[in-house]
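Shown next, in structure tokens, is the structure this report addresses.
Quick note: the coordinates plus some simple rules give every number you see, no bench work behind them. None of the values given here were measured: they were computed from a predicted structure. Cβ coordinates were reconstructed from backbone atoms using ideal geometry, including for glycine residues, and neighbour counts include every protein chain displayed.
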Amino acid sequence: MTTKRVLYIGGTGTISAACVRRSVEAGDDVTVLNRGSARRPLPDGVREIVADVRDAVAVREATRDAEYDAVAEFLAFTPEHVQQDVDLFQGRTGQYVFISSASAYEKPPRSLPVTESTPLRNPFWQYSRDKIACEDLLVSAHRERGLPITIIRPSHTYDERMIPTIGGWTDIARMRAGKPVVIHGDGTSLWTLTHADDFAVAFTGLLANPAAVGDAFTITGSHAPTWNRIYGWLADAAGVAEPDFVHVASDTIAAFAPELGPTLIGDKAHSVTFDTAKVTALVPEFRTTITFDEGARRILAHYDAHPDAQRIDEGRDALFDRIAAFARSAG
């Protein structure tokens with residue numbers, strides 16, 4: 001098997017760190033470009049380039065004239081970021097892989113499961129609209145200039161450091177303290193959760209894959225529990241037998257905390273499942289191997305082993321007290 005030269009822009013985040021590990025295990029020649037403030041350790045054998053990814057001159061000097069079989073971009077969030085990459089890597093890579101977002105699919109979804117042909121439209125969340133604009137720029141570059149693009153749309157992807165609730169560790173601390181924990185809606189909507197290690201199988205299978213060029217792929221697992229089940233598994237893993245859950249409409253939460261509105265109303269408030277037949281056709285070994293009951297146990301094991309990571313957001317803690325009190329007085 002030919003060794004692939006892969007440049008990861010990012011490489012230490014929730015998703016990208018798992019992909020880097022998988023690439024190294026596959027025998028790829030892996031380079032990581034970021035600012036050097038590693039959130040997760042890099043595997044042995046990875047070449048690290050330290051540069052400000054927003055500084056085009058610095059990136060060009062750091063990468064020199066190196067060519068790659070694939071450039072995987074995990075840190076581009078606006079068209080300006082993507083345009084810089086197009087200018088830097090056109091003609092230097094056999095594939096430019098852009099991490100978009102499944103939140104770009106229309107909200108609310110008109111039908112399930114969501115597929116790659118589902119329209120891209122999210123009037124609620126600027127992050128999603130920016131990702132759509134990035135995709136539009138790349139599609140034009142592919143059509144007009146031959147840029148060999150692949151667009152990836154992950155949904156909620158996590159690892160042992162990422163708690164997928166609106167309060168993060170604050171929710172776990174509240175469970176253990178016997179305080180009310182706010183769950184958006186009635187908790188019965190379905191939510192697709194994908195462990196980063198599973199995601200990495202599909203992602204690395206698309207790297208330098210000619211059949212993936214010029215196309216877009218949703219990468220999520222098939223595991224879609226309810227939010228009640230998600231919070232319940234976290235409570236079980238935290239050793240809380242009778243958690244105090246309070247269900248509150250997403251609109252009400254957004255009224256109390258406008259910063260939570262886009263991610264709730266523009267994403268998490270809706271049941272979302274995905275058809276991943278397109279990616280599994282190219283990467284047949286991809287499947288869900290880690291469901292969230294196991295994921296929750298891994299998360300709590302990590303945090304319990306790292307007390308320094310158990311940071312309570314005092315502002316959000318007080319916010320949840322106010323929201324829970326309002327919900328109970330109104331109900």
(message) What's the total number of residues in segment 210-226 that are of a type outside the set (A, V, I, L, M) and out of contact with any strand residue (DSSP E or B) (no Cβ under 9 Å at 6 or more places or on another chain)?
(response) 1
(message) Can you tell me which residue is surrounded by the most Cβ atoms within 10 Å (Cβ to Cβ) among those in segment 314-331 that are under 32 Å from the mean Cα position of the chain (by Cα), of a type in the set (D, E, K, R) and over 17 Å from S250 (Cβ atoms)?
(response) D317
(request) Output the strands (runs of 3 or more DSSP E) that fall wholly within segment 169-229 and possess 2 or more residues being β-branched (V, I, T) and crowded, with 22+ Cβ neighbours inside 10 Å, or say none. (result) 181-184, 215-219
(request) Output the residues belonging to segment 82-128 that are part of a helix (DSSP H, G or I) and touching a helix residue (DSSP H, G or I) at 6+ places or on another chain (Cβ under 8 Å). (result) V82, Q83, Q84, V86, D87, L88, S103, A104, Q126, Y127, S128
(request) Could you check, for segment 265-272, whether at least one of its residues is among the small types (G, A, S), farther than 16 Å from I166 by Cβ and not in a helix (DSSP H, G or I)? (result) yes
(request) State whether the residues of segment 135-158 include one that is among the aromatic types (F, W, Y) and under 26 Å from D28 (Cβ atoms). (result) yes
(request) Could you please find all residues in segment 22-42 being closer than 20 Å to T3 by Cα and loosely packed, with under 15 Cβ neighbours inside 10 Å? (result) E25, G27
(request) Would you confirm whether any residue within segment 283-302 is of a type in the set (F, W, Y), in contact (Cβ under 8 Å) with a residue 40 or more places away in the chain and in a helix (DSSP H, G or I)? (result) yes
(request) Would you please name the residue that is farthest from S101 (Cα to Cα), looking only at residues in segment 198-256 that are in contact with a Lys or Arg (Cβ under 9 Å, 6 or more places away or on another chain) and polar (S, T, N, Q)? (result) S250
(message) Testing T170 on (1) touching an Asp or Glu at 6+ places or on another chain (Cβ under 6 Å); (2) within 19 Å of L75 (Cα to Cα), one condition comes back false. Which one is that?
(response) (2)
(request) Test I312 against the stated conditions and say whether it is under 25 Å from W169 (Cβ atoms), aliphatic (A, V, I, L, M) and assigned to a loop (DSSP other than H, G, I, E, B). (result) yes
